[in-house]
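Read the structure below first, then the notes.
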Amino acid sequence: MNKEVKLLREDGLRLDGRRYDELRPIKIEAGVLNRADGSAYLEWGSNKVLAAIYGPRELHPRHMQNSMKAIVRCKYSMASFSVPDRKRPGPDRRSTEISKVIGEALESVIFTEQFPRTVVDVFIEVFQADAGTRVAGLTAASVALADAGVPMKALITACAAGKVEDTVVLDLGKLEDNAGQADLPMAIIPTTGEIVLMQMDGHLTPAEFRKARDMAVNACYQIYEMQKDALKRRYAAE
Amino acid sequence: MVENEEIVIPGEKVGTLEEVIPGRGTFEENGIVYSMGLGKLRFDIEEMKASVRTLKSPAQIRKRDLVIAVVNDIRNSMVVARVVHIVGNDRQIAGETTASLHVSKVSRDYVQDIRRMFRICDYIRARVIQVRPSLQVSTAEGDLGVLRALCMRCRAPMTRKDNTLKCPECGRIETRKIGADYGDVDLSKL
């Protein structure tokens, strides 16, 4: 963690002019891909993410099938042009981990037992990355699943909080993520308040952790309204 | 049936168990009825049932569906076929796709030898007559049957000639339970 980078301005605002508890602008659009069963495009600050759903469909090879339920297979991938330095395309340690945690979070809300021997494929493609891509990807994937008509318990909403210059802030930008002291991405089921994803990078005291968690959860409810709005617009357009 | 104009999303509360019975597209948890999909909420006043009519849903094979299948195996009294498409639904099939077609369900007429009706790799149009415990289909309707067949000798697609099929490459004549729209269906789009 680099302490020399100034991340908060004299007036207490952050470098991009946001308050400590302010989200970046978010735009969500559902049903953007014709060939996918469900899809969503999300812009979160400078993040640009596309999620596509295929299935439930028959799983091959057959030995991977579960005779009791569907499996959720998630692939999170960053485009080679999504970051200032070219990213080597293809799976790596980070994207494999993110795919796993997003897939597990989504599986917790899908009625998988209704579709034995099948797979729900979730593809998340990050076109432009600016910190918080896993929460952006998960938020988009949740909307795409609903767009695909996959039976779900609820939507999932995700947001991150963190710590910069000893201040707990919401929704870290790229510089704050790189030079800050902590990052706490979280995903919840807004209708129940259940936490389905929580990771932490850096150090937070118990009090800071509770504050960051509460800020992220409150922000999730704001994002949930945007998800609902995107889905209702999608339905009205059909 | 009264249709409510309200659009609901997954997890949205539809009512309580004291008020409504959970119908299609809904589920109940701890006495609360929720929507399980994006759709329009409907209340059946007579049955006190809430259901959600979704915009899209996974392609599950149901009884009476028309399907297109590929013959995988032929036995003495039955054909095993893999369902590849539900007619009128563009989505990939969610669930069991291996179907059986018993000799008694091939045609309304008596079938002496099922191998004169179907051959491996034939594309057939069939009607689903049972989903559980096993998927079973029938072609015992006038317009159902083979949509595309390959010549047993040279594997060229055969063309229809009256009630038989003729190979345009080698001239071989074969019999099938030929569907009404044999050769007219673009199978590459399935």
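What residue, among those in segment A:188-237 that are within 14 Å of another protein chain (Cβ to nearest Cβ), in contact (Cβ under 8 Å) with a residue 40 or more places away in the chain and touching a Leu at 6+ places or on another chain (Cβ under 8 Å), is farthest from A:Val168 (Cα to Cα)?
A:Arg234
Return yes when B:Gly95 is assigned to a loop (DSSP other than H, G, I, E, B), closer than 30 Å to B:Ala140 by Cβ and within 11 Å of chain A (Cβ to nearest Cβ) and no when it is not. Steps first, please.
Numbers: assigned to a loop (DSSP other than H, G, I, E, B): yes; closer than 30 Å to B:Ala140 by Cβ: yes; within 11 Å of chain A (Cβ to nearest Cβ): yes.
Yes.
For A:Ile110, indicate whether it is under 11 Å from A:Ile53 (Cβ atoms), away from every other protein chain (no Cβ under 14 Å) and among the β-branched types (Val, Ile, Thr). Give the derivation first.
Values: under 11 Å from A:Ile53 (Cβ atoms): yes; away from every other protein chain (no Cβ under 14 Å): no; among the β-branched types (Val, Ile, Thr): yes.
When the stated conditions are applied, A:Ile110 does not pass them.
Among the candidates B:Ser100, B:Ser57, B:Ser107, B:Ser51, single out the residue that is at pLDDT below 95, over 28 Å from A:Arg234 (Cα atoms) and of a type in the set (Gly, Ala, Ser).
The unique qualifying residue is B:Ser107.
Quick one: count up the residues across segment B:43-74 that are touching a Ser or Thr at 6+ places or on another chain (Cβ under 9 Å) and assigned to a loop (DSSP other than H, G, I, E, B).
So the answer is 2.
Exactly one of these conditions fails for B:Glu12: (1) within 12 Å of chain A (Cβ to nearest Cβ); (2) in contact (Cβ under 8 Å) with a residue 24 or more places away in the chain. Give me its number.
(2)
Pull up segment A:19-58, narrow it to residues that are of a type in the set (Lys, Arg) and closer than 18 Å to A:Phe123 by Cβ, then point me to the one that is nearest to the other protein chains (Cβ to nearest Cβ). Break it down stepwise before answering.
Filtering segment A:19-58 for residues of a type in the set (Lys, Arg) gives A:19, A:24, A:27, A:35, A:48, A:57.
Now narrow it down to the ones that are closer than 18 Å to A:Phe123 by Cβ: A:35, A:48, A:57.
Details: A:Arg35: 9, A:Lys48: 23, A:Arg57: 4 Å.
The residue in question is A:Arg57.
Every residue, every condition in (1) of a type in the set (Phe, Trp, Tyr); (2) in contact with a Lys or Arg (Cβ under 8 Å, 6 or more places away or on another chain); (3) under 19 Å from A:Met226 (Cβ atoms); (4) in contact (Cβ under 8 Å) with a residue 24 or more places away in the chain, yes or no:
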position: A:Leu8; (1), (2), (3), (4): no, yes, no, yes
position: A:Arg19; (1), (2), (3), (4): no, no, yes, no
position: A:Ile26; (1), (2), (3), (4): no, no, yes, yes
position: A:Ala36; (1), (2), (3), (4): no, no, no, yes
position: A:Ser39; (1), (2), (3), (4): no, no, yes, yes
position: A:Leu42; (1), (2), (3), (4): no, yes, yes, yes
position: A:Ala52; (1), (2), (3), (4): no, no, no, yes
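Kindly indicate whether B:Ile114 is buried (at least 17 other Cβ atoms within 10 Å of the Cβ), assigned by TED's automatic domain parsing to the domain that holds B:Ala140 and either within 17 Å of B:Val146 (Cβ to Cβ) or of a type in the set (Phe, Trp, Tyr) (or both). Talk me through it step by step, then tell me what you get.
Details: buried (at least 17 other Cβ atoms within 10 Å of the Cβ): yes; assigned by TED's automatic domain parsing to the domain that holds B:Ala140: yes; either within 17 Å of B:Val146 (Cβ to Cβ) or of a type in the set (Phe, Trp, Tyr) (or both): yes.
For B:Ile114, the condition - buried (at least 17 other Cβ atoms within 10 Å of the Cβ), assigned by TED's automatic domain parsing to the domain that holds B:Ala140 and either within 17 Å of B:Val146 (Cβ to Cβ) or of a type in the set (Phe, Trp, Tyr) (or both) - is met.
Does B:Ser134 satisfy the criteria of being closer than 20 Å to B:Arg82 by Cβ, surrounded by 13 or more Cβ atoms within 10 Å (Cβ to Cβ), within 26 Å of the chain's Cα centre (by Cα) and of a type in the set (Gly, Ala, Ser)? Spell out the reasoning first.
Numbers: closer than 20 Å to B:Arg82 by Cβ: yes; surrounded by 13 or more Cβ atoms within 10 Å (Cβ to Cβ): no; within 26 Å of the chain's Cα centre (by Cα): yes; of a type in the set (Gly, Ala, Ser): yes.
No: the conditions fail for B:Ser134.
Let me confirm something: among A:Ser95, A:Ser82, A:Ser142, A:Ser108, which residue is closer than 30 Å to B:Glu96 by Cα and surrounded by fewer than 23 Cβ atoms within 10 Å (Cβ to Cβ)?
On the way: A:Ser95 fails: closer than 30 Å to B:Glu96 by Cα; A:Ser82 fails: closer than 30 Å to B:Glu96 by Cα; A:Ser142 fails: surrounded by fewer than 23 Cβ atoms within 10 Å (Cβ to Cβ).
Result: A:Ser108 is the single residue among A:Ser95, A:Ser82, A:Ser142, A:Ser108 that is closer than 30 Å to B:Glu96 by Cα and surrounded by fewer than 23 Cβ atoms within 10 Å (Cβ to Cβ).
If I go through segment B:43-85 residue by residue, how many of them are within 14 Å of another protein chain (Cβ to nearest Cβ) and either basic (Lys, Arg) or farther than 18 Å from B:Arg148 by Cβ (or both)?
13
Among the listed residues B:Asp90, B:Asp122, B:Asp143, B:Asp109, identify the single one that is acidic (Asp, Glu) and within 14 Å of chain A (Cβ to nearest Cβ). Show your work before the answer.
On the way: B:Asp122 fails: within 14 Å of chain A (Cβ to nearest Cβ); B:Asp143 fails: within 14 Å of chain A (Cβ to nearest Cβ); B:Asp109 fails: within 14 Å of chain A (Cβ to nearest Cβ).
Selected residue: B:Asp90, the only one of B:Asp90, B:Asp122, B:Asp143, B:Asp109 that is acidic (Asp, Glu) and within 14 Å of chain A (Cβ to nearest Cβ).
Given the criteria touching a Phe, Trp or Tyr at 6+ places or on another chain (Cβ under 8 Å) and closer than 25 Å to A:Val119 by Cβ, does B:Gly145 qualify?
Here the answer is no, as B:Gly145 does not meet what is asked.
Give, as residue ranges, the strands (runs of 3 or more DSSP E) completely inside segment B:115-190 that count at least 1 residues that are without any contact (Cβ under 8 Å) to a residue 12 or more places away in the chain. Please lay out each step first, then the result.
Values: elements: B:123-130, B:135-138, B:145-148, B:159-161, B:164-166.
Qualifying strands (runs of 3 or more DSSP E): B:164-166.
Please find, within segment A:20-41, the residue that is surrounded by the most Cβ atoms within 10 Å (Cβ to Cβ) out of those that are touching a Gly at 6+ places or on another chain (Cβ under 8 Å) and of a type in the set (D, E, K, R).
It comes out as A:Asp37.
The values are calculated or read from the model by the stated rules, or taken from the named source; none is laboratory data. Please read these numbers as outputs of a predicted model, since none were measured by experiment. All Cβ positions, even for glycine, are placed from backbone atoms using ideal geometry, and neighbour counts span all protein chains on display.
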